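Notes follow once the structure below has been shown.
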There are 2 protein chains.
Amino acid sequence: MKRNLGPVNALYPSLTVIVGAVVEGRPNFLAVAHVGIMNHGQPQYLSFGINKKHYTVAGIMEHKEFSVCLPNEDMVAETDFVGIVSGRNTDKSDLFELFSGELAHAPLIKSCPVCMECRLDRVLDFDTHSIFIGEVVATHAEETVLREDGKIDIAEVRPVLFDMASVSYWSLGSPLASCWSVGKGLKRRLADKP
Amino acid sequence: MKRNLGPVNALYPSLTVIVGAVVEGRPNFLAVAHVGIMNHGQPQYLSFGINKKHYTVAGIMEHKEFSVCLPNEDMVAETDFVGIVSGRNTDKSDLFELFSGELAHAPLIKSCPVCMECRLDRVLDFDTHSIFIGEVVATHAEETVLREDGKIDIAEVRPVLFDMASVSYWSLGSPLASCWSVGKGLKRRLADKP
């Protein structure tokens, strides 16, 4: 039996990332879990949505660049910290050791196993929130989280997931099944049905 | 030491959902893991992006309504199946037992622990992909996945996560820490620094 909860957002868990930007000449970071994948292909576009009041908004609008870094489970306190403290009254520029990529205004965090540099593509207006859509320009991954074929091993990344109802960060579990594969048996059975 | 992988989408895991729509007068379903949360508040907006070639596109454009249902781990084969078989040549309308909500063209799946009905808000154009942004109109959750306070218990939902690099579905792990809380210790330590 189902209950109608009203117009509740139940699209959880989402992935917790740290968005980096240069604001008033200084690297600034904030935790964001309201992210999205737009398309599949090249150019590759990602989104994140934040309240327009955030200090980071002006920096992204000025430079049209930002970073999206994936913290691992060991970084959950730092991740939460950059989510509860505003750059408007706290300098977060020396919280992380940084490294440079291809863009001048997409600060990258060394301790994050995976970091993406993004160029702003467009901004969507949603009343209280701005949704920033960026094109991925380069993705930097720690050698220790790469498989032999050079792809990212998500189990080694140990990403931080987010759930609003429990107000908690969650870990990733185990592989369940192969995509575009586990449904093939059902496809055959249904095709054989008289 | 980090390696530059080029412009790779590393925003994984993402949440696997089954999108439902009425196409050519019949309920149709497809698996989508490229989803996004836009804002936080009311109205609440969600996104999903699919290749424009998909059969479902015409149905959403016609009725301006769709559903977003969360399968659980037990449904991984059915979920994969609706991702590998097109409604163009396979009738998927009787694969699931359905139920009705508030919208006439947002078919809801009984076996999914959580189902959202969405009204189309806008469509973004990304070359090969259309990004559909919907406003959540109603969210239906199985009583067995609700906590005493009426909120969704994500551990009971047992959602199906998706990772492109491993081409696999993944389970959710365990709670790591409390949001807007675990970073408070760091905040105090940094505030006390001379």
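The values are calculated or read from the model by the stated rules, or taken from the named source; none is laboratory data. Please read these numbers as outputs of a predicted model, since none were measured by experiment. We place every Cβ from the backbone using ideal geometry, glycine too, and count neighbours over all the protein chains shown. The accessibility values were calculated without ligands, DNA or RNA, using every heavy atom of the protein model including side chains. Shrake-Rupley method; radii C 1.70, N 1.55, O 1.52, S 1.80 Å.
What the table below lists for this structure:
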{"quantity": "Average beta-carbon neighbours from other chains, 10 Å sphere, peptide A:136-143", "calculated": "5"}
{"quantity": "Dipole of chain A [Lys/Arg +1, Asp/Glu -1 at C-beta], most positive-end residue of A:47, A:126, A:11", "calculated": "A:11"}
{"quantity": "Given A:184/B:52; A:64/B:64; A:2/B:187; A:187/B:2; A:151/B:53; B:53/B:151, the pairs whose alpha carbons are separated by over 30 Å", "calculated": "A:64/B:64; A:2/B:187; A:187/B:2; B:53/B:151"}
{"quantity": "Relative contact order (percent, whole number), chain A, Cα cutoff 8 Å, 6+ residue spacing", "calculated": "22 percent"}
{"quantity": "Chain B Cβ-axis minimum, rotational copy A, residue and distance in Å", "calculated": "B:36, 1"}
{"quantity": "16 Å Cα-Cα reach of residue B:92 towards aspartates and glutamates, excluding residues that sit fewer than 8 places from it in its own chain", "calculated": "A:192, B:24, B:78, B:80"}
{"quantity": "Extension gain, residue A:177 back to residue A:91 (0.36 nm per residue minus Cα-Cα distance, nm)", "calculated": "26.5 nm"}
{"quantity": "Segment B:35-194: proportion of alpha-carbon pairs further apart than 20 angstrom, %", "calculated": "61 percent"}
{"quantity": "Label point 7 Å beyond Cα along the C-beta direction, distances from residue A:110 to other copies (nm, shortest first)", "calculated": "5.8"}
{"quantity": "Calculated from backbone phi, Karplus (6.51, -1.76, 1.60) coupling profile of segment A:148-165 in Hz, x at Gly/Pro", "calculated": "4, 7, x, 8, 6, 8, 5, 5, 6, 5, 6, x, 9, 9, 10, 9, 6, 5"}
{"quantity": "Accessible area of the protein assembly as shown belonging to carbon and sulfur atoms, whole % at 1.4 Å probe", "calculated": "49 percent"}
{"quantity": "Residue-normalised accessible area of chain B, expressed per residue, 1.4 Å probe, Å²", "calculated": "41 Å²"}
{"quantity": "Highest-MSF residue in chain B out of B:66, B:126, B:48 [GNM, Cα springs under 10 Å]", "calculated": "B:126"}
{"quantity": "Helical mean residue ellipticity (222 nm; -39500 (n - 2.57) per DSSP H run of 4+; nearest 500) of chain A", "calculated": "-4000 deg cm²/dmol"}
{"quantity": "Rounded to the nearest 10 Å², the accessible area of residue B:40 at probe 1.4 Å", "calculated": "100 Å²"}
{"quantity": "For segment A:1-142, with +1 on Lys and Arg beta carbons and -1 on Asp and Glu, the positive-most of A:28, A:57, A:112 along the dipole", "calculated": "A:57"}
{"quantity": "Position residue B:74, label points 7 Å along Cα→Cβ, spacing to each other copy in nm (shortest first, one decimal)", "calculated": "3.9"}
{"quantity": "Accessible area buried, both sides summed, chains B and A with 1.4 Å probe, Å²", "calculated": "9000 Å²"}
{"quantity": "7 Å along Cα→Cβ, label-point gaps from residue A:123 to other copies, nm, shortest first", "calculated": "2.7"}
{"quantity": "Fluctuation leader among B:26, B:88, B:147 - chain B, Gaussian network, Cα springs under 10 angstrom", "calculated": "B:147"}
